[in-house]
Amino acid sequence: MPTRDELAYQILEETLQERHVDVSAVLTALKQQQIETPSWGYADSGTRFGVFPQPGAAVTIAEKLADAAQVHKFTGIAPLVATHVLWDLPDEEAFEAVPALARSLGVRIGSINPNVFQDREYWLGSFGNRDATARRKAVEHCLRSVEIGQRLQSSVLTLWFADGTDYPGQSDFRERKRWFEECLSEVYRAMPESMTMLVEYKPFEPGLYHTDIADWGMSYVFCRKLGERARVLVDLGHHLPGTNIEHIVAFLLDEACLGGFHFNNRKYADDDVMVGSINPYEFFLIYNELVKEELQPRGNPPVEYMVDQGFNTKKKIPGMIQTVLMIQATYAKALCVDRVRLAEAMGNHDVVGAEECLHAAYRLDVEPLLRRTRAEMGVPAEPLQAFRESCYQTGIERERGIRAGAGGLGQ
Ligand code: RM4
Ligand code: MN
Ligand code: MN
């Protein structure tokens, strides 16, 4: 007698075969998926109105890595951890200890995130600051981050700038653009061949009137001027309402300039809530573009799939496991689109038929496929439930308690 799981898998397999989907290729793709979770996602976070510490939230890099390792242990697809230079790596000793510590926990250091937005000197900007000493300080910090990245065996430098202005007339757009070009280029030139620079954009906040890298186009222009190892970072929350993000993704892919993502979701502004929690269909359509590039590569280098979320009211580790599972399920659905029928429908100008192909994949219950993937990877079929049963959460709540200074978003 086949088990319930086997039966469900067989039924799904038949459906997928009918839909011209190569099921074993889908399983392979799912097993190769790699997601990077952010160290700051395990630390206390808040809003500009305050930070509410959670019992058990991580403070040190060792705790952040240990918590991230739990997410990887129960999902099998989150082996990378993004680090924030200022928040995670306070001293020289950390650079020595961190890679080995990560390895011992079964994870690796992913992207290095310099911080040129918190110090007093950056009040009026970093790379776009009129004051050359502030620009110098920011460049030096980024150069140091390149060095740190090498020591941590990281190959990705992720840049986000809080630069902008609050009022018309406050500064000069063109001057600032030139300063950005100069500073970015100095950092780019210092990177080893193995390192990629990802440039993030954001149309609003903290600047109330303008931000210096406001959209993907500006980021793209900077990257193109720098060279092939500079690519655009798409943070899903950094778009004005109604923006067609999947179109941007496809456009950048075709230009071989899509570097990576900061996955999250927004309802109103840069909310940093869980990816897919507000608009899961939009997330599916984004993954649909990514899968098309995977199936028919046109030269975009591998994309970094990073999470950039804050958990203010959700518990952090289960929140992150839930996030990773959402990303996995969405990728699985995008892999299950009937691309033969879709191409036919497109060719016949059958708008209803074409959209139906996407709907059919989006509606599909991919759970049997995910359970099979997990079984083959040796991770629990129900990661969230298994994490709860492990009692890790109650353990850290008891041992670490509530502490101040956990750093991270909103601080
Ligand atoms: C920004 C952006 C960056 C993140 C900072 C703290 O809005 O998303 O990636 O590092 O917030
Ligand atoms: Mn981001
Ligand atoms: Mn953001």
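The values are calculated or read from the model by the stated rules, or taken from the named source; none is laboratory data. Just so we're clear, the structure is a prediction, and the values are computed from it rather than from any experiment. Cβ atoms come from the backbone with ideal geometry, glycine included; neighbour counts cover every protein chain shown.
Has region 231-241 got at least one residue that is buried (at least 17 other Cβ atoms within 10 Å of the Cβ), more than 16 Å from ligand 1 (Cβ to nearest atom) and modelled with pLDDT of 95 or more? Scanning region 231-241, I find no residue that is buried (at least 17 other Cβ atoms within 10 Å of the Cβ), more than 16 Å from ligand 1 (Cβ to nearest atom) and modelled with pLDDT of 95 or more, so the answer is no. In the condition set (1) surrounded by 14 or more Cβ atoms within 10 Å (Cβ to Cβ); (2) in contact with a helix residue (DSSP H, G or I) (Cβ under 8 Å, 6 or more places away or on another chain), Q118 is compliant with all but (1). Is it the case that some residue within region 108-125 is touching a strand residue (DSSP E or B) at 6+ places or on another chain (Cβ under 7 Å) and not in a strand (DSSP E or B)? Looking for residues that are touching a strand residue (DSSP E or B) at 6+ places or on another chain (Cβ under 7 Å) and not in a strand (DSSP E or B), one finds at least one in region 108-125, hence yes. When we screen N279, N244, N312, N300 for residues that are touching a residue at least 60 places away in the same chain (Cβ under 8 Å) and over 16 Å from the mean Cα position of the chain (by Cα), the only hit is N312. Buried (at least 18 other Cβ atoms within 10 Å of the Cβ) and either within 20 Å of D272 (Cβ to Cβ) or free of Cβ contacts under 8 Å to residues at least 12 places away in the same chain (or both): does that describe D350? No; evaluated as a whole, the condition is false for this residue. Inside region 33-65, can you point out the residues that are over 23 Å from S155 (Cβ atoms), of a type in the set (A, V, I, L, M, F, W, C) and touching a Ser or Thr at 6+ places or on another chain (Cβ under 9 Å)? If the condition is that a residue be over 23 Å from S155 (Cβ atoms), of a type in the set (A, V, I, L, M, F, W, C) and touching a Ser or Thr at 6+ places or on another chain (Cβ under 9 Å), then V51, F52, A57, A58 are the ones that fit. Taken as a whole, the structure leaves V324 outside the set of residues that are among the β-branched types (V, I, T), under 16 Å from the mean Cα position of the chain (by Cα) and within 16 Å of ligand 1 (Cβ to nearest atom). Scanning region 236-276 for residues that are closer than 18 Å to G299 by Cα and part of a loop (DSSP other than H, G, I, E, B), we see that the one that is farthest from ligand 3 (Cβ to nearest atom) is A256.
Selection of region 36-64 for residues being in contact with a His (Cβ under 7 Å, 6 or more places away or on another chain), closer than 16 Å to L105 by Cβ and of a type in the set (F, W, Y) yields an empty set. Looking across A66, A62, A25, A58, one residue alone is within 30 Å of E93 (Cβ to Cβ) and surrounded by fewer than 17 Cβ atoms within 10 Å (Cβ to Cβ). It is A62.
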